[in-house]
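Below: the structure, in C-alpha cells.
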Amino acid sequence: MNHWNTRFQSEQYVYGREPNVFLTEFQKKIKVPGDALTIAEGEGRNAVYLAEQGLNVTAWDYAESGLAKTNKLAEERGVVVSTELVDLNEANWSEAKWDEIVCIFGHFPTELRQKTLQGVKKAVKPGGYYLTEVYSHYQIPYKSGGPQNLDFLYKPEEFLKIFAEWRIVHFFMGEVTRHEGELHNGLSHVIQFVGQKPEE
C-alpha cells in the first residue's frame, strides 16, 4: 500500500471537495469540449468539476482509496467520472487521445516528471490543451503544502522547453494563496501553465 492510498483512507477530503481555483478560472476561458484526463487526481475534486462542465472525464491516480472517493463525490454531484488505477511510471500515453489533460499539484521525481510531461505532450489532440498548477522549486520555505523535497518540485524551464512548439495561453510563476483542505493552506509559490497543441 502506497502512502497516498493510506492518506486518502479517511472520510475527510484532505484537499477539500471544491475544485482548484486556477482550474475553474481557466476552464471558463478555454471552454474545451470532449474528452478530458486528470492525472494524479487524488480524491476527485477537479475531475468531478470538469464532468460538471460537460466533459467526458477519466481520472488517473495511484491510490485506490482516492479513486473510491472520486466515484463517491461524482455520485453525490450527479455526474460520471471514469476512474483508472494508474502508476505513472507505467502509464500508457496514447497518441492524440485527449482534448484536455489536467494536472493539479501532481508531484513526482524529476525523471518521472519529465516522462509524464512528454506523455502529456504526445497524448493531447491537436488543438487540445494541457492545464496545470503545481508548486515551484521555491515552495519549500512557504510551508503551505506540497513535497518538502526539491526533486519533486517544478522549474519553469521544464514547461517552456517541452512545450516550446505549443501556443502558450497562460504562463505564471509566483505567489498565490490557496485554501484546499488541510494540506494546501496559505501563501504558496506556484507555476501555472495552459498550453494548446498546434493543429496539424
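The values are calculated or read from the model by the stated rules, or taken from the named source; none is laboratory data. No experiment lies behind these values; they were computed from the predicted model shown. Note: ideal-geometry Cβ built from the backbone for every residue, glycine included; neighbour counts use all protein chains shown. For the accessible areas, the whole protein counts, side chains as well, though only heavy atoms, and no ligand, DNA or RNA atoms are used. Shrake-Rupley method; radii C 1.70, N 1.55, O 1.52, S 1.80 Å.
Data table
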{"quantity": "The range 145-189: Rg to Rh, with Rh as the Kirkwood radius over Cα pairs", "calculated": "1.05"}
{"quantity": "Amide N of the range 137-167 lying under 12 Å from the label point, which is placed 7 angstrom from the Cα of Glu199 along Cα→Cβ", "calculated": "none"}
{"quantity": "The chain: most fluctuating residue of Lys69, Lys143, Lys31 per GNM, C-alpha cutoff 10 Å", "calculated": "Lys31"}
{"quantity": "Value of relative contact order over the chain, rounded to a whole percent, pairs C-alpha under 8 Å and six or more apart", "calculated": "20"}
{"quantity": "Ratio of Rg to Rh over the range 7-64 (Cα coordinates, Kirkwood Rh, two decimals)", "calculated": "0.98"}
{"quantity": "GNM top mover of Asn56, Asn20, Asn149 - the chain, alpha-carbon springs below 10 Å", "calculated": "Asn149"}
{"quantity": "His170 long-range amide H proximity, modeled H, under 5 Å", "calculated": "Val194"}
{"quantity": "Vicinal HN-Hα couplings computed from phi for the range 60-66 (Karplus, 6.51 cos²θ - 1.76 cosθ + 1.60; Hz; Gly/Pro x)", "calculated": "9, 8, 9, 10, 4, 5, x"}
{"quantity": "Amide H partners (placed H, <5 Å) of Val57, local residues excluded", "calculated": "Ala36, Ser82"}
{"quantity": "Accessible surface of the chain [probe 1.4 Å, protein heavy atoms]: carbon and sulfur percent", "calculated": "50"}
{"quantity": "5 angstrom amide H check on Gly128, placed H, neighbours 5+ away", "calculated": "Lys197"}
{"quantity": "Accessible area of the chain divided out per residue, in Å², using a probe of 1.4 angstrom", "calculated": "46"}
{"quantity": "Additional length obtainable on full extension of the chain from Glu84 to Leu112, 0.36 nm per residue less Cα span", "calculated": "8.2 nm"}
{"quantity": "Rounded to 5, percent antiparallel among DSSP beta bridges of the chain", "calculated": "50"}
{"quantity": "Per residue Cα convex hull volume in Å³ - calculated over the chain", "calculated": "105"}
{"quantity": "Rounded if a/c under 1.5, otherwise prolate or oblate - the range 1-100, Cα gyration tensor axes", "calculated": "oblate"}
